[in-house]
Amino acid sequence: MLITAKIITTFLTVIMLASVARRLGPQWAGVLAGFPLGSAITLYFIGYEQGAEFAATGSKHTLAGLISCIFMAAMYWHTSQRWPQPRLIFLPILAAIGTFIGTSLLLQWLPSERWLNLSLVIIGIIISRNGLKHIPASWAEPEAKNVFQRPLIALVFRASMASASVLGITALAHFLNPEQAGLLAAFPVSFFPTLIVLQLSYGPGVVATAVKHYPEGLGAMVIYVLTASYTYTAYGLNMGTLLALGSAIIYLAIYSALSRAKAE
């Protein structure tokens, strides 16, 4: 029953975000990928199975784990430019996953201090945002013969990968300490399959555009995880999750308003 709940929740989440991103373009695909539904689902089920205190402690390291996400996205972008052919897509996939795991292995030795992990991820977002801003924008070009441009196939692929990731992470969390589980919970279960589909559908140029805007979207993830690290223990898992999601939504609303004002 719990496995079914994880799959259904993840499927619906990915479908919703993918539908919005498809309408708004690759720039918002990167921004919306930072919306914390992936980590929210993972942390929630970790807390459900092992207790809110376990999830709250782990969430402090999830903050640091977002650095692994940045490195992972940058590695995927770099290797997808080097090997853009669909038949070689396993190379960017393996390189990106290896980067996430390698970075997480180093970050596990950080102390469980909010201020330290928060400071590190903010610095990481600022540096990566400046480092990726030179990437030119690229827009999706329709191609009738490309099966991954068919919405249903793309959605099922992304949702299936995301669901498998959530199931794997929550299963592994039973064998990990809270810090390690928290780092693993940062894995971008919705953004990673999005990158794969974008490369298979439109090529490395659109992948680069999504990665370029990914650090901007991580602001919502930071707000969510930071809030959850307090609200899980103070208000319990369910209410703590709702409060954290509310904080992330407020952040994205403010970000959207400021972006429109800047464009005008």
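The values are calculated or read from the model by the stated rules, or taken from the named source; none is laboratory data. Small disclaimer: the values here were computed from a predicted structure and weren't measured. Cβ placement follows ideal geometry from the backbone for every residue including glycine, while neighbour counts extend to all protein chains displayed. What goes into the accessible areas is simple: the full protein's heavy atoms, side chains included, and nothing from ligands, DNA or RNA. Shrake-Rupley method; radii C 1.70, N 1.55, O 1.52, S 1.80 Å.
Angle of helix 204-235 to the longest C-alpha principal axis of the chain, folded into 0 to 90 degrees and rounded to 10: 10°.
Were the residues from ILE101 through ILE250 laid out at 0.36 nm apart, the gain over their Cα-Cα distance would be 50.5 nm. Counting only alpha carbon atoms, the long axis of helix 191-202 and the longest principal axis of the chain meet at about 10°. Counted residue by residue at 0.36 nm each, then reduced by the alpha carbon distance between them, the extension gain from GLU49 to HIS134 reaches 26.3 nm. Using the Kirkwood radius over Cα pairs, work out the Stokes-Einstein diffusion coefficient for the stretch 162-260 at 20 °C and 1.002 mPa s, in µm²/s as a whole number. Using the Kirkwood radius from Cα pairs, D works out to 139 µm²/s. When PHE100, PHE54 are compared by accessible surface with a 1.4 Å probe, the order from highest to lowest is PHE54, PHE100.
For the stretch 33-154, the fraction of alpha-carbon pairs lying more than 18 Å apart is 66 percent, rounded to a whole number. When the charge dipole of the chain is built from unit charges on Cβ atoms (+1 for Lys and Arg, -1 for Asp and Glu) and taken about the Cα centre, the candidate among PRO111, ILE135, THR4 whose Cα reaches farthest toward its positive end is ILE135. Between ILE8 and LEU120, the contour length at 0.36 nm per residue exceeds the Cα-Cα span by 36.9 nm.
For the Cα atoms of the chain, what angle does the longest principal axis make with the long axis of helix 90-107, in degrees from 0 to 90, nearest 10? It works out to around 30 degrees. Under 19 Å from the 7 Å Cα→Cβ point of GLU113, by amide nitrogen: which residues of the stretch 44-66? Answer for the stretch 44-66: 57-66. Under a model in which nothing but the beta-carbon of Lys, Arg (+1) and Asp, Glu (-1) is charged, the chain shows a dipole of about 620 debye around its Cα centre. Only protein atoms count toward the accessible area here, which uses a 1.4 Å probe; on the chain, the carbon and sulfur part of that area reaches 70 percent.
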